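**Student:** Sharing a structure with you now.
The values are calculated or read from the model by the stated rules, or taken from the named source; none is laboratory data. Since the model is a prediction, treat every value here as computed from it, not as a measurement. Ideal geometry is used to build each Cβ from the backbone, glycine not excepted, and the neighbour counts take in all protein chains shown. What goes into the accessible areas is simple: the full protein's heavy atoms, side chains included, and nothing from ligands, DNA or RNA. Shrake-Rupley method; radii C 1.70, N 1.55, O 1.52, S 1.80 Å.
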Amino acid sequence: MTKKKRPVWVPVVTGLIIKNSKVLIGCRPQDKNLSGKWEFPGGKIELSESPEQALKRELLEELGIDAEIGPLKLVGTHAYGDTGILILFYEIKYWKGEPKTLYHTELKWVEFNELKLHPLPEANEKMLSRILAVLND
Ligand code: DGT
(Lines give C-alpha, C1' and ligand atoms only; values in the text may rest on other atoms or scores of the structure.)
Protein backbone atom coordinates (compact mmCIF):
# COMPACT_ATOMS: atom_id res chain seq x y z
CA MET A 1 0.00 0.00 0.00
CA THR A 2 1.39 3.42 -0.86
CA LYS A 3 1.64 5.84 1.98
CA LYS A 4 -0.75 8.77 1.83
CA LYS A 5 1.06 11.99 0.95
CA ARG A 6 0.51 14.67 3.52
CA PRO A 7 1.35 18.34 3.35
CA VAL A 8 4.15 19.57 5.59
CA TRP A 9 3.24 22.36 7.97
CA VAL A 10 6.20 23.72 9.90
CA PRO A 11 5.31 25.28 13.25
CA VAL A 12 6.85 28.68 13.94
CA VAL A 13 6.57 30.55 17.26
CA THR A 14 6.81 34.32 17.54
CA GLY A 15 6.55 36.91 20.29
CA LEU A 16 4.45 40.05 20.26
CA ILE A 17 6.81 41.88 22.64
CA ILE A 18 4.96 44.89 23.99
CA LYS A 19 6.18 47.86 26.04
CA ASN A 20 4.69 51.36 26.40
CA SER A 21 2.19 50.75 23.59
CA LYS A 22 4.98 49.76 21.19
CA VAL A 23 5.91 46.38 19.73
CA LEU A 24 9.39 45.07 18.96
CA ILE A 25 10.30 44.05 15.41
CA GLY A 26 13.62 42.94 13.94
CA CYS A 27 15.03 43.05 10.43
CA ARG A 28 15.92 39.55 9.15
CA PRO A 29 19.61 39.00 8.39
CA GLN A 30 21.12 38.78 4.89
CA ASP A 31 21.87 35.06 4.91
CA LYS A 32 18.25 34.06 5.71
CA ASN A 33 15.24 33.63 3.50
CA LEU A 34 13.04 36.74 3.63
CA SER A 35 16.14 38.82 4.43
CA GLY A 36 15.37 42.50 4.91
CA LYS A 37 11.80 41.77 6.02
CA TRP A 38 10.75 42.96 9.47
CA GLU A 39 9.58 40.11 11.66
CA PHE A 40 8.41 39.39 15.16
CA PRO A 41 11.32 37.64 16.92
CA GLY A 42 11.00 33.85 17.08
CA GLY A 43 11.66 30.79 14.94
CA LYS A 44 11.04 27.12 14.41
CA ILE A 45 10.28 24.62 17.14
CA GLU A 46 13.09 22.10 17.61
CA LEU A 47 12.88 18.42 18.50
CA SER A 48 11.43 17.70 21.96
CA GLU A 49 10.54 21.34 22.67
CA SER A 50 7.09 22.64 23.50
CA PRO A 51 6.09 25.80 21.60
CA GLU A 52 6.61 27.89 24.75
CA GLN A 53 10.08 26.38 25.38
CA ALA A 54 11.00 27.05 21.76
CA LEU A 55 9.97 30.69 21.99
CA LYS A 56 11.83 31.17 25.27
CA ARG A 57 14.98 29.73 23.64
CA GLU A 58 14.60 31.82 20.48
CA LEU A 59 14.14 35.06 22.45
CA LEU A 60 17.25 34.29 24.48
CA GLU A 61 19.28 33.44 21.35
CA GLU A 62 18.02 36.32 19.21
CA LEU A 63 17.58 39.12 21.79
CA GLY A 64 19.40 37.97 24.91
CA ILE A 65 16.27 38.33 27.06
CA ASP A 66 14.79 35.95 29.59
CA ALA A 67 11.12 36.21 28.63
CA GLU A 68 7.98 35.11 30.39
CA ILE A 69 5.90 33.55 27.63
CA GLY A 70 2.35 34.91 27.92
CA PRO A 71 -0.85 33.60 26.35
CA LEU A 72 -1.18 32.35 22.80
CA LYS A 73 -3.02 35.18 21.07
CA LEU A 74 -3.20 34.33 17.41
CA VAL A 75 -2.47 31.58 14.89
CA GLY A 76 -1.91 32.08 11.19
CA THR A 77 -1.13 29.89 8.22
CA HIS A 78 0.84 30.55 5.10
CA ALA A 79 1.36 27.99 2.35
CA TYR A 80 4.17 27.83 -0.17
CA GLY A 81 3.08 25.00 -2.49
CA ASP A 82 3.12 21.68 -0.63
CA THR A 83 4.72 23.12 2.48
CA GLY A 84 3.70 25.92 4.74
CA ILE A 85 4.10 27.48 8.13
CA LEU A 86 1.71 27.49 11.07
CA ILE A 87 2.65 30.62 12.93
CA LEU A 88 1.81 31.00 16.63
CA PHE A 89 1.86 34.48 18.18
CA TYR A 90 2.40 34.72 21.95
CA GLU A 91 2.05 37.86 24.03
CA ILE A 92 5.24 38.88 25.84
CA LYS A 93 4.88 41.62 28.44
CA TYR A 94 7.51 40.64 31.00
CA TRP A 95 11.20 39.82 30.55
CA LYS A 96 14.63 40.30 32.10
CA GLY A 97 17.38 42.12 30.21
CA GLU A 98 17.40 44.64 27.36
CA PRO A 99 16.79 43.31 23.83
CA LYS A 100 20.06 43.33 21.82
CA THR A 101 20.75 42.80 18.12
CA LEU A 102 22.36 39.37 18.50
CA TYR A 103 20.69 38.07 15.33
CA HIS A 104 18.76 40.79 13.50
CA THR A 105 20.46 43.56 11.54
CA GLU A 106 18.33 46.08 13.42
CA LEU A 107 15.68 46.12 16.14
CA LYS A 108 12.93 48.74 16.42
CA TRP A 109 10.17 49.55 18.87
CA VAL A 110 7.29 50.74 16.71
CA GLU A 111 3.84 52.16 17.37
CA PHE A 112 1.27 49.55 16.35
CA ASN A 113 0.04 51.66 13.42
CA GLU A 114 3.62 52.01 12.13
CA LEU A 115 3.86 48.27 11.41
CA LYS A 116 2.33 48.78 7.96
CA LEU A 117 5.23 51.10 7.04
CA HIS A 118 7.69 48.18 7.28
CA PRO A 119 8.02 45.34 4.75
CA LEU A 120 6.76 42.26 6.63
CA PRO A 121 6.83 38.60 5.55
CA GLU A 122 3.74 37.87 3.46
CA ALA A 123 2.54 35.51 6.22
CA ASN A 124 2.29 38.52 8.56
CA GLU A 125 1.21 41.09 5.98
CA LYS A 126 -1.95 39.21 5.15
CA MET A 127 -2.97 38.93 8.80
CA LEU A 128 -1.97 42.43 9.86
CA SER A 129 -5.50 43.49 10.76
CA ARG A 130 -5.79 40.50 13.13
CA ILE A 131 -2.35 41.26 14.61
CA LEU A 132 -3.40 44.90 15.18
CA ALA A 133 -6.66 43.80 16.82
CA VAL A 134 -4.65 41.70 19.31
CA LEU A 135 -2.15 44.50 19.97
CA ASN A 136 -4.89 47.08 20.54
CA ASP A 137 -6.93 44.76 22.72
P1 DGT B 1 16.46 27.78 10.75
O2 DGT B 1 17.30 28.82 10.08
O3 DGT B 1 15.83 26.82 9.76
O4 DGT B 1 17.10 27.11 11.91
O5 DGT B 1 15.20 28.53 11.31
P6 DGT B 1 14.95 29.38 12.65
O7 DGT B 1 14.48 28.47 13.75
O8 DGT B 1 16.06 30.35 12.91
O9 DGT B 1 13.68 30.20 12.23
P10 DGT B 1 13.42 31.17 11.04
O11 DGT B 1 13.20 32.52 11.64
O12 DGT B 1 14.36 31.04 9.93
O13 DGT B 1 12.03 30.49 10.57
C14 DGT B 1 10.83 31.08 10.69
C15 DGT B 1 10.06 30.94 9.38
O16 DGT B 1 8.82 31.60 9.53
C17 DGT B 1 10.76 31.62 8.23
O18 DGT B 1 10.42 30.95 7.02
C19 DGT B 1 10.14 33.00 8.21
C20 DGT B 1 8.73 32.71 8.65
N21 DGT B 1 8.09 33.85 9.33
C22 DGT B 1 7.02 34.54 8.88
N23 DGT B 1 6.69 35.51 9.71
C24 DGT B 1 7.55 35.46 10.75
C25 DGT B 1 7.70 36.24 11.94
O26 DGT B 1 6.99 37.20 12.24
N27 DGT B 1 8.72 35.87 12.77
C28 DGT B 1 9.55 34.81 12.50
N29 DGT B 1 10.51 34.53 13.37
N30 DGT B 1 9.43 34.07 11.37
C31 DGT B 1 8.44 34.38 10.51
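**Student:** Let me have the 222 nm mean residue ellipticity of the chain computed from DSSP H runs of 4+ only, each contributing -39500 (n - 2.57), with the sum over all residues rounded to the nearest 500.
**Tutor:** Using -39500 (n - 2.57) per qualifying helix, the result is -5000 deg cm²/dmol.
**Student:** Which residue, P71, P51, P99, tops the fluctuation ranking in a GNM of the chain built on C-alpha contacts under 10 Å?
**Tutor:** P71
**Student:** First check a/c for the range 11-135, with a ≥ b ≥ c the square roots of the eigenvalues of its C-alpha gyration tensor; if it is under 1.5, answer rounded, and if not, answer prolate when a/b is larger than b/c or oblate otherwise.
**Tutor:** It is rounded, given that a/c, with a ≥ b ≥ c, falls under 1.5.
**Student:** Let me ask another. Could you give the dipole magnitude of the range 11-135 about its Cα centre, charging the beta-carbon of Lys and Arg +1 and that of Asp and Glu -1, in debye to the nearest 20?
**Tutor:** Here the size comes out at about 320 debye.
**Student:** Here is a follow-up. Could you order Y94, Y103 so the one with the most accessible surface comes first? Probe is 1.4 Å.
**Tutor:** I get Y94, Y103, largest accessible area first.
**Student:** Starting from the Cα-Cα distance between T105 and V10, subtract it from 0.36 nm times their residue separation and give me the gain in nm to one decimal.
**Tutor:** Taking 0.36 nm per residue and subtracting the Cα distance, the gain is 31.8 nm.
**Student:** Cut-off under 20 Å on the C-alpha distance; same-chain residues fewer than 8 positions from K32 excluded. Which lysines are left, in chain and number order?
**Tutor:** Within reach: K44, K100, K108.
**Student:** Working from Cα positions, state the angle (0 to 90°, nearest 10) between the long axis of helix 51-63 and the longest principal axis of the chain.
**Tutor:** Approximately 50 degrees, to the nearest 10.
**Student:** Moving on. Compare the Cα positions of G36, Y90, H78 along the charge dipole of the chain (+1 at Cβ of Lys, Arg; -1 at Cβ of Asp, Glu; about the Cα centre) and return the one farthest towards the positive end.
**Tutor:** Sorting the options by dipole projection puts first H78.
**Student:** Distance in nm between label sites at N33 and L72, each 7 Å beyond Cα in the beta-carbon direction?
**Tutor:** 2.3
**Student:** Note down the accessible area of E46, probe 1.4 Å, to the nearest 10 Å².
**Tutor:** E46 has an accessible surface of roughly 100 Å² with all protein chains in place.
**Student:** Let me ask something additional. Could you tell me the calculated FRET efficiency between D137 and D82, based on Cβ-Cβ distance and R0 = 41 angstrom, to the nearest 0.05?
**Tutor:** Plugging the Cβ-Cβ distance into 1/(1 + (r/R0)^6) gives 0.75.
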